[in-house]
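A.B. asks: Starting off with a structure, shown below.
Since every read-out is calculated from the coordinates, none of them should be taken as a lab result. All of these numbers come straight from a predicted model, not from anything done at the bench. FYI the Cβ positions are ideal-geometry reconstructions off the backbone, even for glycines, and counts take in every protein chain you see.
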There are 2 protein chains.
Amino acid sequence: MVDPKSVGLPDDHWRPTYEDIHELIRDIANKIRDEFHPDLMVAIGGGGFFPARVLRTFLKTQDQVDPKKKRNIPIQAIGLSLYEEVAGVSEEVIGKEVVRTQWLDSGSHGSPDKIKKDAGGLLGKNVLIVDEVDDSRTTLHYAYNELLKDVKESLASMSPEERASVPPTRFAIFVVHNKLGPKRAELPIIASPADDKIVDGVSTGVHYYAAETTPPVWIDFPWEQEDIAEHNRLSALARKHGLGAPSVP
Amino acid sequence: MVDPKSVGLPDDHWRPTYEDIHELIRDIANKIRDEFHPDLMVAIGGGGFFPARVLRTFLKTQDQVDPKKKRNIPIQAIGLSLYEEVAGVSEEVIGKEVVRTQWLDSGSHGSPDKIKKDAGGLLGKNVLIVDEVDDSRTTLHYAYNELLKDVKESLASMSPEERASVPPTRFAIFVVHNKLGPKRAELPIIASPADDKIVDGVSTGVHYYAAETTPPVWIDFPWEQEDIAEHNRLSALARKHGLGAPSVP
């Protein structure tokens, strides 16, 4: 393995370009559409904003009414931030570490009813949760469990007849990069959609899609760069020397 | 002016690359920070997601507690879509043309009180509304007026003493591209922050920032492209022949 510094790189960071990430998303979009058929995306802001916007381009579906038109999959944004992470925290603490800065739409003027009624639009849908990177898994764990809770609460508020009329709600997660290494939270990931088990109107598992699986290296995202030209130069230089994060099969 | 087709371009569309847009945002970020001092951004989804995320990188501020740390400006996302546009509609209809798919955070489980109490966090802040392009101005008009309404409603719900304790709320708009041409909605744009007039706790005008002002040409945004490599190739080709949309001074 070449020493990054010996070829003029400042460090061993992985530096994907905008185009790299755009194409990583393109390459997995068909698989997500054909396997999971997402009805809407929940983008975890700010990191999930760019992946969700690009993914929407590749997930466009034919309009039922006008076949010449393409329909966009709706995106709901939620805002989550991590408190400073402490190692070896308990399952209970993990949720508390996350700060909620925005949640699902609850109607024009914030009616608790909307979240309760249809879980902010998630009820009966195939919901794709989107973020940039799965590192400690803490944020994804929080997002999945809180969204699942909203769905279960709205189902619980229904009569058996109403509940029977609602299609099952399914969740999947899409991240651009899944970093290998110890995770600090668990997700009930199912290997294939065929393993999907619906209990009380909700899937008990969650599909998981990562456009790229990387070693636990530091990733410099293009949208975080003050000098994007230099970022792209270093990215090309690393590639030339076979450095950066090779995708793990 | 060279005919695009004569040099192998399919049309006269303007094709900015990710890097173009990243640098356009970089070039105006300091002006926005120094003039307007935004406290938070309201990103109009899906188009405003990418600009808001990149702008956040350039608007980072020193942390008061720990000067070694940089603080991110919070982003709230709102979801707006246009109905099919009809020419020459009345002011009254303009608002109705916009579909609201998500609004400001109204608390973990959607309490009307939060929007009423502090306008979903906007009250007393310098609020920067972010979108990709200002074409007909319809969406921006809707976003600005509805956010302003929320602020005025929360101010109206206060006692004179409470109201006196709240700093003024200011609005500014940032778009990557302002397309010249007829607008179908008006904004009370003020030429400079010096023209800012505060009435009843809210600025009567709105600052307006466009990273680039373009002729009314069609803009192909990179995040809408199925083939980003081809998009970049055509972008470079147009540039080589002095085509594409020159910034209007």
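A.B. asks: May I ask for the angle, rounded to the nearest 10°, between helix B:18-36 and the longest principal axis of chain B, with both axes built from Cα atoms and the value confined to 0 to 90°?
C.D. replies: Computed tilt is about 30 degrees.
A.B. asks: For peptide A:69-75, compute the average count of partner chain beta-carbon atoms within 10 Å of each residue's beta-carbon. Intermediate values should be presented prior to the final figure.
C.D. replies: Working: counts 0, 0, 0, 2, 1, 6, 7.
Mean shielding by partner chains, rounded to a whole number: 2.
A.B. asks: Next up: Rank-order A:43-49, A:175-181, B:234-240 by packing density, defined as the average count of other C-beta atoms within 10 Å over each peptide's residues, highest first.
C.D. replies: Packing proxy ranking, top to bottom: A:43-49, A:175-181, B:234-240.
A.B. asks: A follow-up question, please. Mind giving me the nanometre distance, one decimal, between the label points for A:Arg163 and B:Asp66, set 7 Å out from Cα along Cα→Cβ?
C.D. replies: Result for the modelled spin labels: 4.6 nm.
A.B. asks: Say each of B:Ser6 and A:Glu153 gets a label point 7 Å from the Cα, pointing the same way as Cα to Cβ; how far apart are those two points in nm?
C.D. replies: 6.5
A.B. asks: Which log10 I(q)/I(0) values does the protein assembly as shown give at q = 0.09, 0.12 Å⁻¹ under the Debye formula, counting every alpha carbon as one identical point scatterer?
C.D. replies: Log10 of I(q)/I(0), two decimals: -0.66, -1.22.
A.B. asks: Then there is this: Suppose we keep just the DSSP beta bridges with both residues in chain B; what percent of those would be antiparallel, to 5? Could the numbers behind the result be given before it?
C.D. replies: Working: 8 of 36 bridges.
Of the beta bridges lying entirely in chain B, close to 20 percent run antiparallel.
A.B. asks: Restricting the count to DSSP beta bridges whose residues both fall in the protein assembly as shown, what percent are antiparallel, rounded to a multiple of 5?
C.D. replies: Expressed as a percentage, antiparallel bridges in the protein assembly as shown total about 20.
A.B. asks: Using only the alpha-carbon atoms, how far is helix A:228-240 inclined from the longest principal axis of chain A? Give it as 0 to 90 degrees, nearest 10.
C.D. replies: 70
A.B. asks: Give, rounded to the nearest 20 debye, the magnitude of the charge dipole that the protein assembly as shown has about its Cα centre when Lys and Arg contribute +1 at Cβ and Asp and Glu contribute -1 at Cβ.
C.D. replies: Values: 60 positive and 78 negative charges, 3 e Å.
It comes to approximately 20 debye.
A.B. asks: Across peptide B:13-24, how many C-beta atoms of other chains are within 10 Å of each residue C-beta, on average? Show your work: numbers first, answer last.
C.D. replies: Values: counts 0, 0, 0, 0, 3, 11, 8, 1, 2, 9, 3, 0.
Per-residue shielding by partner chains comes out at 3.
A.B. asks: Something else about it: Before rounding to the nearest 500, sum -39500 (n - 2.57) across all DSSP H runs of length at least 4 in the protein assembly as shown and divide by the residue total; then give [θ] at 222 nm in deg cm²/dmol. Before the final figure, lay out each step's value.
C.D. replies: Numbers: 14 runs with 160 residues, N = 498.
Taken over the protein assembly as shown, the calculation gives -10000 deg cm²/dmol.
A.B. asks: If packing is taken as the average number of other Cβ atoms within 10 Å across a peptide's residues, how do A:5-14, B:146-155 rank, most packed first?
C.D. replies: Working: A:5-14: 13.7, B:146-155: 18.7.
The most tightly packed comes first, giving B:146-155, A:5-14.
A.B. asks: For chain A, what is the Kirkwood estimate of the hydrodynamic radius, computed as the reciprocal of the mean inverse distance between distinct Cα atoms, to one decimal in Å? The partial results should precede the final answer.
C.D. replies: On the way: mean 1/r = 0.0511 Å⁻¹.
Every distinct Cα pair counted, the radius reaches 19.6 Å.
A.B. asks: Could you work out how far helix A:49-58 tilts from the main Cα principal axis of chain A, as a 0 to 90 degree angle to the nearest 10?
C.D. replies: 80
A.B. asks: Compute the distance from the alpha-carbon center of the range B:182-239 to that of the range B:32-57, in whole Å.
C.D. replies: 12
A.B. asks: Relative to the other copies, what are the label-point distances for A:Lys117, with labels 7 Å from Cα along the C-beta vector, expressed in nm at one decimal and sorted shortest first?
C.D. replies: 2.3
A.B. asks: How many Cβ atoms of partner chains, on average, are near each residue of A:218-230 if near means within 10 Å of its Cβ?
C.D. replies: Numbers: counts 0, 0, 0, 2, 5, 10, 5, 4, 6, 3, 11, 3, 0.
Average neighbour count from other chains, rounded to a whole number: 4.
A.B. asks: Then there is this: Need the full-extension length gain, B:Thr204 to B:Lys183, defined as separation in residues times 0.36 nm minus the C-alpha distance. One decimal, nm.
C.D. replies: Numbers: separation 21, 0.36 × 21 = 7.56 nm, distance 2.04 nm.
That works out to 5.5 nm of additional length.
A.B. asks: Another question about this same structure. About the Cα centre of chain B, what is the dipole size in debye to 20, counting +1 per Lys and Arg Cβ and -1 per Asp and Glu Cβ, all else neutral?
C.D. replies: On the way: 30 positive and 39 negative charges, 150 e Å.
Charge dipole, chain B, about its Cα centre: 720 debye, nearest 20.
A.B. asks: Can you tell me the FRET efficiency between B:Asp227 and A:Ser192 if r is taken as the Cβ-Cβ distance and R0 is 25 Å, rounded to the nearest 0.05? List each step's numbers first, then the result.
C.D. replies: Details: r = 30 Å, r/R0 = 1.19.
According to the calculation, E is roughly 0.25.
A.B. asks: Could you pull out every residue, at least 5 positions away or on a different chain, whose amide H is within less than 5 Å of the one on A:Gly45? Hs are placed 1.01 Å off N in the peptide plane, and Pro or chain starts have none.
C.D. replies: For A:Gly45, whose amide H was placed from the backbone, the distant partners under 5 Å are A:Ile78, A:Gly79, A:Leu80.
A.B. asks: Distances from B:Arg163 to the same residue in each other copy, label points 7 Å out along Cα→Cβ, in nm, shortest first?
C.D. replies: Shortest to longest, the spacings are 4.9 nm.
A.B. asks: What percent does the relative contact order of chain A come to when contacts are Cα pairs within less than 8 Å and at least six residues apart?
C.D. replies: On the way: 426 pairs, mean separation 60.8, N = 249.
After rounding, I find 24 percent.
A.B. asks: Distances from A:Asp220 to the same residue in each other copy, label points 7 Å out along Cα→Cβ, in nm, shortest first?
C.D. replies: Once sorted, the set of distances for A:Asp220 reads 3.0 nm.
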